Amino acid sequence: MRKKIILILIFTSMLFSGCTKSDVDQFMRNEPSSVGNNNITTSEKVVKNVFAMDTYMTLTAYGNHAENATKAAIAEIERLDSLLSIGKEESEISCLNKTGNLILSEDTAYIMESALTLYEQTDGAFNPAMYPIMEAWGFTSQNYRIPEKAELQQLLKLTDCDKIHFHSEDKKVELGMSGMMIDLGGIAKGYTSSKLMDIFSDYGVTSGIVSLGGNVQTLGSKPDGSSWRVALQNPDGSNDYIGVLEICDKAVITSGGYERYFEQDGKSYHHIIDPFTGYPAESGLKSVTIVSADGTLADGLSTALFVMGLSKAISFWQENSDMFDAILLTDDDVLYVTEGIQKLFSSPYKQNIITKENIINDK
Ligand code: ADP
Ligand code: MG
């Protein structure tokens, strides 16, 4: 597994005009926003960096309550990590995976229900039962290997989410097949960023932004009333970016095969699995960014639309355009933007606009 950790200095080499270090609030990369300086506090701005959920996180809040709010937010991240982590033996998810049935806590139940709803809505492209496949590829242990096709075929039988029985009233979940195991990694960070917005609000913060491994969520607007500017990473690993989004009160969450992967014999194998084949999804998309007020939904959909590929992703958006917007980048560097955020997104790329009527225009 490789995580690209590129120092903040990259901001100084932004490649297209109009975007400089100073006018971007959050850059979507797996990196701390200030290397070697873990906490920055000025009279009205608090920035804290933490490493949790296997990724770098940066929390920024403004105003008198920012210090207490960011402290509480970090405690919340740690609490959720200890519920949801598949890497922690004593986490709730590990316990469920060991026993096959459990009465879930409120948070885990909410995420499980959201994951199962997404499984249905996306026709199985989002699948929260991918753990056995992730394990076979070594993504859970970092002992990477390429499983045999027959092994994957066997394991795929354990990913049938119709066999998961979830009772929302008493939050009881039963995994209906022995060997079935849950991995909420495709949705957990989005739920977490949504919760952080609630905590910021509870503490009286009205202006804040968090980045959980490049997954960004914003509260309100910037203290001066202007929109947050979120730069989207170029998946090719170069120091430029594919565009800048200007948003308020939204999550901006990206999935791409470039985030976690290993290489063997010159080929790279990434961590987003096509639940229909058991292999890393090769759908023709390099990255999918979802913009939505609901962080949980945005995270789940970024993974799902990445698996679906361009034409299914377009149809899915057209049927659900009230729920989210999307930015899709294909393997051949063609950029598609849904019409809801067209005016909020600036990019050096030519943009194809996806409209509800299936009209795609070059801009
Ligand atoms: P990241 O967590 O790096 O931001 P994603 O949100 O796309 O990226 O989530 C990828 C993670 O989701 C994987 O590491 C794995 O835990 C899980 N996962 C992999 N494939 C799927 C899938 N088809 N549906 C749901 N979860 C998946
Ligand atoms: Mg996701």
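The values are calculated or read from the model by the stated rules, or taken from the named source; none is laboratory data. The structure presented is a predicted model; accordingly, all values stated were derived computationally and were not measured. Positions of Cβ are generated from backbone atoms using ideal geometry, with glycine treated the same way; all protein chains shown enter the neighbour counts.
In the stretch 176-192, is there at least one residue being among the polar types (S, T, N, Q) and within 16 Å of ligand 2 (Cβ to nearest atom)? Checked against the condition, which is being among the polar types (S, T, N, Q) and within 16 Å of ligand 2 (Cβ to nearest atom), the stretch 176-192 yields at least one hit. Please go through the stretch 261-283 and give me each residue that is more than 10 Å from ligand 1 (Cβ to nearest atom), out of contact with any strand residue (DSSP E or B) (no Cβ under 9 Å at 6 or more places or on another chain) and either part of a strand (DSSP E or B) or under 16 Å from residue 312 (Cα atoms) (or both), ordered by number. 264, 267, 282, 283, listed by residue number. Tell me, please, whether a residue that is under 18 Å from the mean Cα position of the chain (by Cα) and under 23 Å from residue 279 (Cβ atoms) can be found in the stretch 202-212. Within the stretch 202-212 (the criterion being under 18 Å from the mean Cα position of the chain (by Cα) and under 23 Å from residue 279 (Cβ atoms)), the answer is no, since none of the residues qualifies. Does residue 129 qualify as being over 30 Å from residue 225 (Cβ atoms) and touching an Asp or Glu at 6+ places or on another chain (Cβ under 8 Å)? Answer is yes for this residue.
Say we look at the stretch 224-258 and pick out the residues that are polar (S, T, N, Q) and either assigned to a strand (DSSP E or B) or touching a Ser or Thr at 6+ places or on another chain (Cβ under 7 Å) (or both); which of these is nearest to residue 338 (Cα to Cα)?
Residues of the stretch 224-258 that are polar (S, T, N, Q), as a first pass: 226-227, 233-234, 238-239, 254-255.
Narrowing further to those that are either assigned to a strand (DSSP E or B) or touching a Ser or Thr at 6+ places or on another chain (Cβ under 7 Å) (or both): 227, 233, 239, 254-255.
On the way: 227: 19, 233: 18, 239: 25, 254: 15, 255: 17 Å.
Result: 254.
Within the set of pairs 6 or more residues apart or between chains, which connect a residue that is farther than 17 Å from residue 284 by Cβ and in a loop (DSSP other than H, G, I, E, B) inside the stretch 296-324 to a residue that is more than 13 Å from ligand 1 (Cβ to nearest atom) and hydroxyl-bearing (Ser, Thr, Tyr) with Cβ atoms less than 6 Å apart? Hits for this filter: 324/292. Quick one: residue 289 ticks every box in (1) more than 16 Å from ligand 1 (Cβ to nearest atom); (2) in a strand (DSSP E or B) bar one, so which box is it? Of (1) more than 16 Å from ligand 1 (Cβ to nearest atom); (2) in a strand (DSSP E or B), only one is false for residue 289: (1).
Among the candidates 85, 105, 94, the residue that is within 16 Å of ligand 1 (Cβ to nearest atom) and closer than 27 Å to residue 200 by Cβ is uniquely 85. Taken together, 186, 190, 214 contain a single residue that is of a type outside the set (Val, Ile, Thr), within 16 Å of ligand 1 (Cβ to nearest atom) and in contact with a Lys or Arg (Cβ under 8 Å, 6 or more places away or on another chain), which is 214.
Pairs are defined by a Cβ separation below 6 Å, a sequence spacing of at least 6 or placement on different chains, a first member in the stretch 109-133 that is over 14 Å from residue 162 (Cα atoms), and a second member that is within 12 Å of ligand 1 (Cβ to nearest atom) and part of a helix (DSSP H, G or I); the pairs so defined are 111/191; 114/296. Would you point out the residue of the stretch 252-268, among those that are of a type in the set (Gly, Ala, Ser) and away from ligand 2 (no atom under 16 Å from the Cβ), that is surrounded by the fewest Cβ atoms within 10 Å (Cβ to Cβ)? In this case the residue turns out to be 266.
On the given criteria, is residue 60 within 19 Å of residue 208 (Cβ to Cβ) and modelled with pLDDT of 95 or more? Taking the combined requirement at face value, the residue satisfies it. Might you let me know whether the stretch 137-155 holds any residue that is farther than 21 Å from residue 296 by Cα, surrounded by fewer than 21 Cβ atoms within 10 Å (Cβ to Cβ) and within 19 Å of the chain's Cα centre (by Cα)? Within the stretch 137-155 (the criterion being farther than 21 Å from residue 296 by Cα, surrounded by fewer than 21 Cβ atoms within 10 Å (Cβ to Cβ) and within 19 Å of the chain's Cα centre (by Cα)), the answer is yes, since at least one residue qualifies. Applying a threshold of 9 Å to beta carbon distances and a minimum spacing of six or more residues, or different chains, the list of pairs starting in the stretch 180-196 at a residue that is free of Cβ contacts under 8 Å to residues at least 24 places away in the same chain and ending at one that is within 7 Å of ligand 1 (Cβ to nearest atom) is empty. Of all residues in the stretch 269-283, those being surrounded by fewer than 15 Cβ atoms within 10 Å (Cβ to Cβ) and of a type in the set (Asp, Glu) number 1. Residue 323 meets the conditions (1) away from ligand 1 (no atom under 16 Å from the Cβ); (2) more than 17 Å from the chain's Cα centre (by Cα) in every case but one. The failed one is (2). For the stretch 250-264, check the following and say yes or no: at least one residue is under 18 Å from residue 136 (Cβ atoms), touching a Gly at 6+ places or on another chain (Cβ under 8 Å) and β-branched (Val, Ile, Thr). For the stretch 250-264, residues under 18 Å from residue 136 (Cβ atoms), touching a Gly at 6+ places or on another chain (Cβ under 8 Å) and β-branched (Val, Ile, Thr): absent. Within the stretch 238-260, the residues that satisfy the criterion of being more than 16 Å from ligand 1 (Cβ to nearest atom) and either modelled with pLDDT of 90 or more or touching a His at 6+ places or on another chain (Cβ under 7 Å) (or both) are 242, 243, 244, 245, 246, 247, 248, 249, 250. Of the helices (runs of 4 or more DSSP H) that lie entirely inside the stretch 125-223, those containing 2 or more residues that are in contact with a Leu (Cβ under 7 Å, 6 or more places away or on another chain) span 131-137, 188-202. For the stretch 318-334, the set of residues classified as among the charged types (D, E, K, R) and touching a helix residue (DSSP H, G or I) at 6+ places or on another chain (Cβ under 6 Å) consists of 325 only.
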